[in-house]
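Notes follow once the structure below has been shown.
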Amino acid sequence: AMTRARLGWGIVGGLVCLLVVVGHVRFAALDGRPPVDLNRSYEDVPELFAQLGQAGQLGPAAGTALTRVAGWYDLLLAAALRLLGRSVYVVHGFNVLAVGLVMVCGWLIARRLFGGPAGAGAAALLGNASALVVMGRVGWIHVPELALVSVALAAMVHDPALRRWSTTGAVAVAGACALAIRPTAMIWVATLLPLLLWTLRGAPSRLGQGLR
(Lines give C-alpha, C1' and ligand atoms only; values in the text may rest on other atoms or scores of the structure.)
Protein backbone atom coordinates (compact mmCIF):
# COMPACT_ATOMS: atom_id res chain seq x y z
CA ALA A 1 0.00 0.00 0.00
CA MET A 2 2.85 2.37 0.87
CA THR A 3 4.58 1.67 -2.44
CA ARG A 4 1.33 2.16 -4.35
CA ALA A 5 0.68 5.49 -2.62
CA ARG A 6 4.25 6.63 -3.29
CA LEU A 7 3.89 5.71 -6.95
CA GLY A 8 0.54 7.49 -7.17
CA TRP A 9 1.85 10.72 -5.68
CA GLY A 10 4.92 10.46 -7.88
CA ILE A 11 2.70 10.27 -10.95
CA VAL A 12 0.71 13.28 -9.76
CA GLY A 13 3.83 15.36 -9.14
CA GLY A 14 5.40 14.37 -12.44
CA LEU A 15 2.17 15.12 -14.29
CA VAL A 16 1.99 18.61 -12.78
CA CYS A 17 5.57 19.30 -13.89
CA LEU A 18 4.80 18.00 -17.38
CA LEU A 19 1.65 20.11 -17.72
CA VAL A 20 3.52 23.29 -16.74
CA VAL A 21 6.26 22.60 -19.29
CA VAL A 22 3.67 21.79 -21.98
CA GLY A 23 1.93 25.07 -21.17
CA HIS A 24 5.17 26.97 -21.78
CA VAL A 25 5.79 25.12 -25.03
CA ARG A 26 2.28 25.92 -26.21
CA PHE A 27 2.70 29.59 -25.30
CA ALA A 28 5.93 29.77 -27.31
CA ALA A 29 4.28 28.08 -30.29
CA LEU A 30 1.28 30.42 -30.26
CA ASP A 31 3.10 33.65 -29.41
CA GLY A 32 5.95 33.48 -31.90
CA ARG A 33 7.64 36.64 -30.63
CA PRO A 34 11.17 36.71 -29.20
CA PRO A 35 11.24 36.82 -25.39
CA VAL A 36 11.59 40.25 -23.82
CA ASP A 37 15.13 40.86 -22.54
CA LEU A 38 14.19 42.51 -19.24
CA ASN A 39 17.74 42.70 -17.86
CA ARG A 40 19.58 43.25 -21.15
CA SER A 41 21.19 39.90 -20.43
CA TYR A 42 21.24 38.77 -24.07
CA GLU A 43 22.76 41.87 -25.65
CA ASP A 44 26.04 40.04 -26.29
CA VAL A 45 24.37 37.21 -28.22
CA PRO A 46 24.53 38.97 -31.65
CA GLU A 47 28.26 39.64 -31.27
CA LEU A 48 28.97 36.08 -30.15
CA PHE A 49 26.74 34.72 -32.90
CA ALA A 50 28.72 36.66 -35.51
CA GLN A 51 32.04 35.48 -34.09
CA LEU A 52 30.97 31.85 -34.15
CA GLY A 53 30.13 32.24 -37.83
CA GLN A 54 33.76 32.95 -38.69
CA ALA A 55 36.43 30.30 -39.03
CA GLY A 56 38.77 29.98 -36.07
CA GLN A 57 36.79 32.36 -33.87
CA LEU A 58 35.61 29.90 -31.23
CA GLY A 59 38.50 30.79 -28.92
CA PRO A 60 38.04 34.56 -29.24
CA ALA A 61 34.28 34.13 -28.76
CA ALA A 62 34.86 32.15 -25.57
CA GLY A 63 37.30 34.82 -24.41
CA THR A 64 34.72 37.51 -25.04
CA ALA A 65 32.07 35.51 -23.16
CA LEU A 66 34.32 35.10 -20.11
CA THR A 67 34.56 38.87 -19.71
CA ARG A 68 30.79 39.43 -19.70
CA VAL A 69 28.07 38.85 -17.12
CA ALA A 70 26.09 35.78 -18.19
CA GLY A 71 28.68 35.38 -20.94
CA TRP A 72 28.78 31.59 -20.86
CA TYR A 73 24.98 31.47 -21.15
CA ASP A 74 24.99 33.90 -24.06
CA LEU A 75 27.73 31.87 -25.74
CA LEU A 76 25.73 28.68 -25.33
CA LEU A 77 22.66 30.41 -26.74
CA ALA A 78 24.63 31.83 -29.67
CA ALA A 79 26.07 28.37 -30.41
CA ALA A 80 22.59 26.84 -30.34
CA LEU A 81 21.35 29.51 -32.76
CA ARG A 82 24.27 28.70 -35.06
CA LEU A 83 23.55 24.98 -34.97
CA LEU A 84 19.75 25.06 -35.05
CA GLY A 85 19.14 28.27 -36.98
CA ARG A 86 18.14 31.82 -36.08
CA SER A 87 14.75 31.14 -34.58
CA VAL A 88 12.90 32.58 -31.62
CA TYR A 89 11.96 29.03 -30.72
CA VAL A 90 15.59 28.26 -29.85
CA VAL A 91 15.51 31.05 -27.27
CA HIS A 92 12.14 29.84 -26.01
CA GLY A 93 13.62 26.36 -25.75
CA PHE A 94 16.22 27.62 -23.28
CA ASN A 95 13.44 29.24 -21.24
CA VAL A 96 11.37 26.06 -21.24
CA LEU A 97 14.39 24.04 -20.12
CA ALA A 98 15.00 26.41 -17.19
CA VAL A 99 11.35 26.28 -16.14
CA GLY A 100 11.36 22.48 -16.39
CA LEU A 101 14.47 22.22 -14.21
CA VAL A 102 12.94 24.42 -11.51
CA MET A 103 9.73 22.40 -11.55
CA VAL A 104 11.38 18.98 -11.42
CA CYS A 105 13.97 19.95 -8.81
CA GLY A 106 11.35 21.58 -6.58
CA TRP A 107 9.16 18.48 -6.83
CA LEU A 108 12.04 16.08 -6.09
CA ILE A 109 13.35 18.15 -3.17
CA ALA A 110 9.96 18.32 -1.44
CA ARG A 111 9.24 14.64 -2.12
CA ARG A 112 12.60 13.60 -0.72
CA LEU A 113 12.26 15.67 2.43
CA PHE A 114 8.55 15.42 3.22
CA GLY A 115 7.03 12.69 1.07
CA GLY A 116 4.93 12.30 -2.06
CA PRO A 117 2.00 14.60 -1.16
CA ALA A 118 4.42 17.41 -0.32
CA GLY A 119 6.23 16.89 -3.61
CA ALA A 120 3.00 17.14 -5.58
CA GLY A 121 1.98 20.20 -3.57
CA ALA A 122 5.33 21.89 -4.16
CA ALA A 123 5.02 21.26 -7.89
CA ALA A 124 1.54 22.76 -7.89
CA LEU A 125 2.72 25.85 -6.02
CA LEU A 126 5.70 26.36 -8.32
CA GLY A 127 3.49 25.89 -11.35
CA ASN A 128 1.33 28.78 -10.17
CA ALA A 129 4.15 31.13 -9.13
CA SER A 130 4.10 34.23 -11.31
CA ALA A 131 7.88 34.60 -11.05
CA LEU A 132 8.16 31.26 -12.83
CA VAL A 133 5.06 31.10 -15.03
CA VAL A 134 5.20 34.68 -16.30
CA MET A 135 8.89 35.52 -16.09
CA GLY A 136 9.80 32.12 -17.48
CA ARG A 137 8.09 33.14 -20.72
CA VAL A 138 9.79 36.50 -21.19
CA GLY A 139 13.41 35.41 -20.91
CA TRP A 140 14.08 36.74 -17.41
CA ILE A 141 17.68 35.74 -16.68
CA HIS A 142 16.91 34.97 -13.04
CA VAL A 143 14.89 31.92 -14.10
CA PRO A 144 17.93 29.99 -15.43
CA GLU A 145 19.79 31.31 -12.40
CA LEU A 146 17.12 29.77 -10.15
CA ALA A 147 17.24 26.56 -12.19
CA LEU A 148 20.97 26.16 -11.52
CA VAL A 149 20.59 26.82 -7.80
CA SER A 150 17.72 24.32 -7.74
CA VAL A 151 19.92 21.67 -9.34
CA ALA A 152 22.60 22.23 -6.68
CA LEU A 153 20.06 22.03 -3.84
CA ALA A 154 18.39 18.92 -5.27
CA ALA A 155 21.77 17.18 -5.52
CA MET A 156 22.59 18.03 -1.90
CA VAL A 157 19.21 16.88 -0.62
CA HIS A 158 19.47 13.54 -2.40
CA ASP A 159 23.02 12.91 -1.18
CA PRO A 160 23.33 14.88 2.08
CA ALA A 161 26.75 13.47 3.00
CA LEU A 162 28.15 14.20 -0.49
CA ARG A 163 29.40 10.63 -0.69
CA ARG A 164 29.28 10.47 -4.48
CA TRP A 165 31.64 12.46 -6.68
CA SER A 166 28.75 13.06 -9.07
CA THR A 167 26.90 14.94 -6.31
CA THR A 168 29.92 17.06 -5.45
CA GLY A 169 30.47 17.81 -9.12
CA ALA A 170 26.84 18.73 -9.69
CA VAL A 171 26.81 21.10 -6.70
CA ALA A 172 30.11 22.72 -7.70
CA VAL A 173 29.30 23.14 -11.40
CA ALA A 174 25.70 24.30 -10.88
CA GLY A 175 26.75 26.74 -8.16
CA ALA A 176 29.62 28.17 -10.22
CA CYS A 177 27.43 28.55 -13.31
CA ALA A 178 24.73 30.26 -11.26
CA LEU A 179 27.26 32.76 -9.91
CA ALA A 180 28.60 33.36 -13.41
CA ILE A 181 25.18 33.85 -14.96
CA ARG A 182 24.23 36.60 -12.51
CA PRO A 183 25.97 38.08 -9.42
CA THR A 184 22.64 38.01 -7.57
CA ALA A 185 23.04 34.23 -7.36
CA MET A 186 25.45 34.92 -4.49
CA ILE A 187 22.40 35.44 -2.27
CA TRP A 188 20.97 32.03 -3.14
CA VAL A 189 24.27 30.17 -3.10
CA ALA A 190 25.03 31.70 0.32
CA THR A 191 21.87 30.06 1.67
CA LEU A 192 23.37 26.68 0.72
CA LEU A 193 26.60 27.28 2.65
CA PRO A 194 25.23 26.41 6.13
CA LEU A 195 23.87 23.15 4.76
CA LEU A 196 27.17 22.45 3.01
CA LEU A 197 29.23 23.18 6.12
CA TRP A 198 26.94 21.00 8.22
CA THR A 199 27.36 18.25 5.64
CA LEU A 200 31.15 18.48 5.73
CA ARG A 201 31.06 17.94 9.49
CA GLY A 202 29.37 14.59 8.92
CA ALA A 203 26.16 15.36 10.81
CA PRO A 204 23.76 14.64 7.95
CA SER A 205 24.94 11.03 7.58
CA ARG A 206 22.26 9.97 10.05
CA LEU A 207 19.77 12.34 8.43
CA GLY A 208 20.50 10.83 5.03
CA GLN A 209 19.75 7.37 6.34
CA GLY A 210 16.51 8.60 7.86
CA LEU A 211 15.39 10.26 4.65
CA ARG A 212 15.84 7.03 2.76
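The values are calculated or read from the model by the stated rules, or taken from the named source; none is laboratory data. Model, not experiment: these values are computed from the prediction. Note that each Cβ is placed from the backbone with ideal geometry, even for glycine, and that neighbours are counted across all protein chains shown. Only protein heavy atoms, including side chains, enter the accessible area calculation; ligands, DNA and RNA are left aside. Shrake-Rupley method; radii C 1.70, N 1.55, O 1.52, S 1.80 Å.
In the elastic network of the chain, a GNM with C-alpha springs shorter than 10 Å, the most mobile of Val104, Val151, Val45 is Val45.
What residue among Trp140, Trp165, Trp188 shows peak mean-square fluctuation when the chain is described by a Gaussian network model with Cα springs under 10 Å? The residue with the greatest mean-square fluctuation here is Trp165. Computed with a 1.4 Å probe over protein heavy atoms only, the accessible surface of the chain comes to 55 Å² per residue. Binning every alpha carbon pair distance of the chain at 5 Å from zero, what are the percents per bin? Per 5 Å bin, starting at zero, the Cα-Cα P(r) for the chain comes out as 1, 7, 13, 16, 17, 16, 12, 8, 5, 3, 1, 0, 0 percent. Computed from phi, the 3J(HN,Hα) profile of the stretch 4-21 under the Karplus parametrisation 6.51, -1.76, 1.60 (θ = phi - 60°) reads 5, 5, 4, 5, x, 5, x, 5, 4, x, x, 5, 4, 4, 5, 5, 5, 5 Hz, with x in place of Gly and Pro.
Mean silhouette area of the stretch 64-165, derived from the convex hull of its C-alpha atoms and averaged over all directions, reads 8.0 nm². Placing a pseudo-label 7 Å from each Cα along the Cα-to-Cβ vector at Val36 and Ala124 gives an inter-label distance of 3.0 nm.
Diagonalising the gyration tensor over the Cα atoms of the stretch 115-180 and scaling each eigenvalue by 5 before taking the square root yields semi-axes of 24, 19, 5 Å, largest first.
Identify which of Gly63, Gly71, Gly175 has the largest mean-square fluctuation in a Gaussian network model of the chain, with springs joining Cα atoms closer than 10 Å. Largest GNM mean-square fluctuation: Gly63.
Length available on full extension from Leu84 to Ala50: 0.36 nm per residue minus the Cα-Cα distance, which gives 10.8 nm. Size of the stretch 9-70: Rg and Dmax of its alpha carbons, in Å, are 18.0, 52. By accessible area, using a 1.4 Å probe on protein heavy atoms only, the chain has 70% of its surface on carbon and sulfur.
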